[in-house]
Amino acid sequence: VSIMQGCNQYCTFCIVPYTRGEERSRPIEDIVAECRQLVAQGVKEVTLLGQIVTSYGRREIPKRNGKTPFVQLLEAIHEIEGLERIRFTAPHPKGYGEDLIEAYGRLPKLVEHAHLPVQSGSNRILKLMHRGYTRERFLEIVHKLRRVQPGIGLSTDIIVGFPGETEEDFEQTVSLVREVEFDQAFIFKYSPRRDTPAAAMPGQVPWPVREERNQRLLALMNEIGRRKYGAFVGRQVQILVEGPSKRNPARMMGRTRCNKIVVFEGNERHRGQLLEVRITRAGNFT
């Protein structure tokens, strides 16, 4: 469910603010009405979408009792009877104020999963990217989320080879990944977007170096993934069945609340159901 359009962040690598304009948010009642309609059709989980979903309504809707418009929206959707799960993507670390972190412990329908795009572990590179937070602030958000929801699944986006990135900067990203132990990371080799500030920055990193850093980070994420997913073996989890597995259509797949994909022997009648399953084995990311 799209809740807003546009972006005001102007990260130096991104073209979105120039192509999609400034942030514009839909009224809370419109979004709730759309979600109600979906639930009436049998939908059990909604994902709220926005370029920076946590910036929802900042200009249009005042804070209430210390709660940002985005948390007010989560509360309103949470009231819908028959809805089982609420997710959202893509947020920005700066949107994780105390009210949102606290909502993870207070709203049972808000699933234990957060996508936190860090982009880099180096403060120098984060500044060049115009991200608006530091490594220290990012780690503080992670610790607070895990305090509220110890089993929370954390995913992220990382850009390797951003202009000016030295080996030392890259090592700081590696050390951050080791410290946080993300459940999943979408790793991108920097590629210039025309008319963005980063495309004209000095110190463009040679392609082979970007490729090599990308491989090193992928190898580390695979190692972390194996360990984290392996820890689920023997556990019973709740999944929402989405349909046939992409890799093997003879099997069905669903997602846990913390956004792990589970493949199991099932059939079409399980689609859309919440099932309890026991995990018998694990791959890197299923």
(request) Can you work out which of the residues in the range 95-128 that are part of a helix (DSSP H, G or I), under 23 Å from THR47 (Cβ atoms) and not hydrophobic (A, V, I, L, M, F, W, C) is least open to solvent (accessible area, probe 1.4 Å)? (result) TYR104
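Suppose we filter GLN236, GLN215, GLN204 for residues that are open to solvent by 60 Å² or more (accessible area, probe 1.4 Å), among the polar types (S, T, N, Q), within 21 Å of ASN259 (Cβ to Cβ) and out of contact with any Phe, Trp or Tyr (no Cβ under 8 Å at 6 or more places or on another chain); which single one remains?
Answer to the selection: GLN236.
Looking only at residues that are among the hydroxyl-bearing types (Ser, Thr, Tyr) and open to solvent by less than 10 Å² (accessible area, probe 1.4 Å) in the range 150-171, which one is farthest from MET201 (Cα to Cα)?
Only one residue fits best here, namely SER155.
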(request) State yes or no: is TYR10 aromatic (Phe, Trp, Tyr), modelled with pLDDT of 95 or more and touching a helix residue (DSSP H, G or I) at 6+ places or on another chain (Cβ under 7 Å)? (result) no
(message) Taking the criterion of being at pLDDT below 95 and under 19 Å from the mean Cα position of the chain (by Cα), would at least one residue in the range 151-167 satisfy it?
(response) yes
(message) For the structure I just gave you, tell me whether GLN215 is part of a helix (DSSP H, G or I) and among the polar types (S, T, N, Q).
(response) yes
(message) Restricting to the range 178-202, and then to whatever is under 14 Å from LEU217 (Cα atoms) and among the acidic types (Asp, Glu), can you tell me which residue is nearest to the chain's Cα centre (by Cα)?
(response) ASP183
(message) On the basis of being closer than 19 Å to GLY95 by Cβ and hydroxyl-bearing (Ser, Thr, Tyr), does TYR190 make the cut?
(response) no
(request) Would you check which residues across the range 36-65 are in contact with a helix residue (DSSP H, G or I) (Cβ under 7 Å, 6 or more places away or on another chain), more than 28 Å from ASP157 (Cα to Cα) and not in a loop (DSSP other than H, G, I, E, B) and list them? (result) ARG64
(request) Quickly run through the range 72-103 and pick out the residues that are farther than 21 Å from PRO150 by Cβ and among the hydrophobic types (A, V, I, L, M, F, W, C). (result) LEU73, ALA76, ILE77, ILE80, LEU83, ALA90
(request) Within the range 1-47, work out how many residues are of a type in the set (S, T, N, Q) and open to solvent by 60 Å² or more (accessible area, probe 1.4 Å). (result) 4
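Kindly provide the set of residues from the range 239-259 that are assigned to a loop (DSSP other than H, G, I, E, B) and open to solvent by 50 Å² or more (accessible area, probe 1.4 Å), ordered by number.
LYS246, ARG247, ASN248, PRO249, ALA250, ARG251, ARG257
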(request) Go through (1) closer than 27 Å to GLY254 by Cβ; (2) free of Cβ contacts under 8 Å to residues at least 60 places away in the same chain; (3) surrounded by fewer than 18 Cβ atoms within 10 Å (Cβ to Cβ) and name the single condition GLU84 misses. (result) (2)
(request) Could you please tell me which pairs satisfy a Cβ distance under 6 Å, a separation of 6+ or placement on different chains, a first residue in the range 193-216 that is closer than 10 Å to PHE13 by Cα, and a second residue that is open to solvent by 40 Å² or more (accessible area, probe 1.4 Å)? (result) ARG193/ILE15; THR196/ILE15; ALA199/PRO192
(message) Can you go through ARG194, ARG131, ARG137, ARG178 and tell me which one is open to solvent by 60 Å² or more (accessible area, probe 1.4 Å), in a loop (DSSP other than H, G, I, E, B) and of a type in the set (Lys, Arg)?
(response) ARG194
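PHE188: outside any loop (DSSP other than H, G, I, E, B), within 28 Å of LYS144 (Cα to Cα) and open to solvent by 60 Å² or more (accessible area, probe 1.4 Å), yes or no?
Yes; evaluated as a whole, the condition is true for this residue.
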(message) Considering only the range 114-125, I want to know if a residue exists there that is under 18 Å from the mean Cα position of the chain (by Cα), over 30 Å from ARG210 (Cα atoms) and of a type outside the set (Gly, Ala, Ser).
(response) no
(message) Quick check on the range 48-71: of everything there that is open to solvent by less than 50 Å² (accessible area, probe 1.4 Å) and touching a Gly at 6+ places or on another chain (Cβ under 8 Å), which residue is farthest from ALA103 (Cα to Cα)?
(response) ILE52
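The values are calculated or read from the model by the stated rules, or taken from the named source; none is laboratory data. Nothing here was measured: the structure is a model prediction, and the numbers come from that model. Cβ: placed from backbone, ideal geometry, glycine included. Neighbour counts: every protein chain shown. All accessible areas refer to the heavy atoms of the entire protein, side chains included, with ligands and DNA or RNA removed. Shrake-Rupley method; radii C 1.70, N 1.55, O 1.52, S 1.80 Å.
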